[in-house]
Each structure stands twice: as structure tokens, then as C-alpha cells.
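Here's the structure we're looking at; comments come further down.
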Amino acid sequence: VAYFLITGGLVFEETGATAMMLAHLQNVPDVPSARSKLPVPATFDRVVMMCLEKESSARPADARVLERLLKSCDDDGPWTSEAAERWRRNHIPGEAVLNSENTESLHIDEERTRTL
């Protein structure tokens, strides 16, 4: 999921199911920064690649370990709620926005989409 969110693509771009399974079993993926249009901190690249390790013992053992690894990604300063909101506003085109009158209905901010 992290790889897709960073790159906008699958870890491997194989066309058939068998080829896709073999790629996941045998191939080392490109680091996310090599496929992203946006800068990706090197420490974050390393965490994502650890999650994609073929050998399970090389992957983070649990969510707590992953959380510590992610918190150690400080190439661009600490990731705060404010930083996340700023990133989301600047980088998510066609963002679904909650309608202030009815929080269950969603609409697309078409004006913002045209400017991106």
C-alpha cells in the first residue's frame, strides 16, 4: 500500500497473474524514489523496502517496530498532522471533499482539479 501511495503504481507492472506472482517471489523492486514524481526521503525508501523484503525475518516484526522505523524517518523533519494536511492539499488531485452540510456525501473539488 505504501509503495502504491508513493509511486502511484504497483510494485511490479507484470501483465499476467503468473508473471506477477513470480516477480513478487523473485525480483527486487525499484526503490519508491526511483518511480515517484515527488521527492522521497532516503530513510522512508529504506523502510518501505524493508516491508517488501522477500525473507520474512528481514521485514518489520510487527506494527510497533514499523511505527518506530517510520518515526525515525526524519529527512524532511518530523511528520505532523499539519505537515500531512499541507501535503494532502498540495498533492492530491481530484480530492474527495466532505460536503459540509452532509458529512456522508462526497463531492469532487472540480475547480481545484482543473488547476492541478
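The values are calculated or read from the model by the stated rules, or taken from the named source; none is laboratory data. In this text, all values refer to a predicted model and were calculated from it rather than measured experimentally. Cβ sites come from the backbone with ideal geometry, for glycine too, and all protein chains shown count toward neighbours. We work out accessible area using only protein heavy atoms, side chains counted, and drop any ligands, DNA or RNA first. Shrake-Rupley method; radii C 1.70, N 1.55, O 1.52, S 1.80 Å.
Assuming Ala58 fulfils every condition listed in (1) over 19 Å from the mean Cα position of the chain (by Cα); (2) open to solvent by 60 Å² or more (accessible area, probe 1.4 Å); (3) without any contact (Cβ under 8 Å) to a residue 24 or more places away in the chain apart from one, which condition is it?
(2)
Look at the range 28-49 and say how many of its residues are outside any helix (DSSP H, G or I), under 14 Å from Leu5 (Cα atoms) and among the β-branched types (Val, Ile, Thr).
Going through the range 28-49 one residue at a time, the tally reaches 2.
Can you find even one residue in the range 14-26 that is assigned to a loop (DSSP other than H, G, I, E, B), modelled with pLDDT under 95, in contact with a Phe, Trp or Tyr (Cβ under 7 Å, 6 or more places away or on another chain) and surrounded by 11 or more Cβ atoms within 10 Å (Cβ to Cβ)?
So far as the range 14-26 goes, no, none of its residues is assigned to a loop (DSSP other than H, G, I, E, B), modelled with pLDDT under 95, in contact with a Phe, Trp or Tyr (Cβ under 7 Å, 6 or more places away or on another chain) and surrounded by 11 or more Cβ atoms within 10 Å (Cβ to Cβ).
I need a count of the residues in the range 2-57 that are of a type outside the set (A, V, I, L, M, F, W, C) and closer than 21 Å to His91 by Cβ. Break it down into steps so the answer makes sense when it comes.
Taking the range 2-57 first, the residues of a type outside the set (A, V, I, L, M, F, W, C) are 3, 7-9, 13-16, 18, 24, 26-27, 29-30, 32-33, 35-37, 39, 41, 43, 45-46, 53-57.
If we keep only those that are closer than 21 Å to His91 by Cβ too, we end up with 3, 7-9, 30, 32-33, 35-37, 39, 41, 43, 45.
Qualifying residue count, the range 2-57: 14.
What tally of residues in the range 67-90 results from selecting those that are assigned to a helix (DSSP H, G or I) and more than 14 Å from the chain's Cα centre (by Cα)? Spell out the reasoning first.
To start, the set of residues in the range 67-90 that are assigned to a helix (DSSP H, G or I) comprises 67-71, 81-90.
Pick out the ones that are also more than 14 Å from the chain's Cα centre (by Cα) and you get 67-69, 71, 81-83, 85-86, 89-90.
Looking only at that region, the number is 11.
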